[in-house]
Amino acid sequence: MARPADLATTEVSFVGAGGVELHGTVVAPPSRGTTGLHPGLVMLPGAGPGERAELRTAAEAYARHGVVTLIYDKRTTGYSMVHRDYLVLADDALAAFRLLQKRPDVDRGKVGLWGLSEGAWSASLAASRSADVAFLITAGAVGLTPARQQAWAYGEFLRHHQVSGSLADTMQDTATRQLVGAGLFPEADYNPVPAWERVHQPVLALWGVLDREAAPAESAQIIRKALARGGNTHYTIRFVPAVRHNLNLSEDDGFDRPSALPADYADFESSWIQRLSDGGGLPPVSVDPAPQQDRLSQALAPLAWYESPWLQLMAISLFVVGFAGYPLVGAVRKLRGDRHPAPLGRSARWLAGAGLAASVGTLGYLLFCVITAANIIGPVLLGRTVPWLALQGLAVAAVVAAVCTAVTWRRFRPVLSRSERARLGLLLTAGAVFVPWAVQWGLLLP
């Protein structure tokens, strides 16, 4: 990014947890011949790759208010879509904190942490583990477990797109619980409350009034109670008007992802930091009224035995072998010169094609919705997304074809060869298992 003319920037490197080298940028007010020391702030991004550029504009806003700010690229070693450790990220933050403390233009006793969303989990952990951290600021902090919060957010985004029915239920329940059970949802059950109970520094916790991801009313109440239980008597809970989860402006009631900051960004926060730095003190406790949260989050039940990821894997394997194997064997027979079609070929082919497309397509579509956080789902018709309607239609076609195939197979079974009976038996077994599987995943539900 271009270096702003009114600020001083310095590229830095430091060693995080496990000896991983991390790279960052310090954004500072220009010295202009002054000898005074500035407060410092280490900024932690939200979930995802977390390159420093994501927070560069916010860091510059703080620097223009007199706060020396360090932003850095999140580690790639030990952090991915399926693996992360908030304690490791907290240690990275403390390493960055120690680096910022050593700068000659920073008052080492007035350096704090700032964490956005997932970064708030790591920042609160770091603050709870080091009394040297002078203060803690969070944006869009979540008081729920990550899995529960994400399930709530899926529901918010789907309802915003006018989606109702089984897809919304599947995304918020079955899909989320399966990801957790399969170990594909990192830190799914992390409980942020104990860390907040150990945070004794002054806290400024901010949420956008248009936050559609953090369950803000619930999270604020949970975090406030945790701070109170821990004996913290210096915290401010504030809801910022007209901004979304990351405190950026919104043009779609908080459901979009623009990168523009409000004109007064960092005004309140910097004033709060300055009052701490000047020794003027803060009101012991200040809590804004929470905005209306129409729907509360729901606890996620553990998987039942029949929902086991291993059974899911076995079912999908059966579908691939049973549904895909039927036409493949038929194609091989034709290549070998067998020109005598089986008497129930049409319904069996429908079962094979519709069953394979519905099962594989469902997993692919739901995975896409997970990756995009249910924000890119396709066109919606009659309260259903068009892809989901198509998958439901394929599921119904597979069930009808399975019934027709079973009836015809029973009539013609005596004249079928042993190999043909085995081939059809595997296909019908896949069809029989497909029915409860499709019900579980919402394909056969309204």
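The values are calculated or read from the model by the stated rules, or taken from the named source; none is laboratory data. Predicted model only: the values in this text are computed from it and were never measured. Neighbour counts run over all protein chains shown; Cβ positions are idealised from the backbone, glycine included. SASA here: full protein model, heavy atoms, side chains in, ligands and nucleic acids out. Shrake-Rupley method; radii C 1.70, N 1.55, O 1.52, S 1.80 Å.
Observations on the structure shown:
- Residue match in region 118-125 (condition: at positive phi and buried (at least 17 other Cβ atoms within 10 Å of the Cβ)): no
- Unique match (being surrounded by 16 or more Cβ atoms within 10 Å (Cβ to Cβ) and more than 24 Å from ALA134 (Cα to Cα)) among TYR62, TYR79, TYR72: TYR79
- Taking region 212-330 as the region of interest, the helices (runs of 4 or more DSSP H) fully inside it that hold 2 or more residues being acidic (Asp, Glu) are 267-278.
- Scanning region 174-202 for residues that are in a loop (DSSP other than H, G, I, E, B) and either in contact with a Cys (Cβ under 6 Å, 6 or more places away or on another chain) or not hydrophobic (A, V, I, L, M, F, W, C) (or both) yields GLY183, PRO186, GLU187, ASP189, TYR190, ASN191, PRO192, ARG198, HIS200, GLN201, PRO202.
- When the residues of region 38-59 are filtered to those that are part of a helix (DSSP H, G or I) and charged (D, E, K, R), the one that is least open to solvent (accessible area, probe 1.4 Å) is ARG56.
- Taken over region 212-249, the residue count meeting the criterion of being of a type in the set (S, T, N, Q) and either in contact (Cβ under 8 Å) with a residue 60 or more places away in the chain or open to solvent by 30 Å² or more (accessible area, probe 1.4 Å) (or both) is 4.
- Residue, surrounded by the fewest Cβ atoms within 10 Å (Cβ to Cβ), within region 145-169, restricted to residues that are touching a helix residue (DSSP H, G or I) at 6+ places or on another chain (Cβ under 7 Å) and over 15 Å from ARG212 (Cβ atoms): ALA147
- In region 102-117, the residue that is nearest to VAL12 (Cα to Cα) out of those that are in contact with a Leu (Cβ under 7 Å, 6 or more places away or on another chain) and surrounded by fewer than 19 Cβ atoms within 10 Å (Cβ to Cβ) is ASP105.
- Some residue of region 133-144 being open to solvent by 10 Å² or more (accessible area, probe 1.4 Å), hydroxyl-bearing (Ser, Thr, Tyr) and under 22 Å from PRO216 (Cα atoms): no
- Residue check for ASP189: among the charged types (D, E, K, R), open to solvent by less than 10 Å² (accessible area, probe 1.4 Å), at pLDDT 95 or above and under 15 Å from VAL142 (Cβ atoms): no
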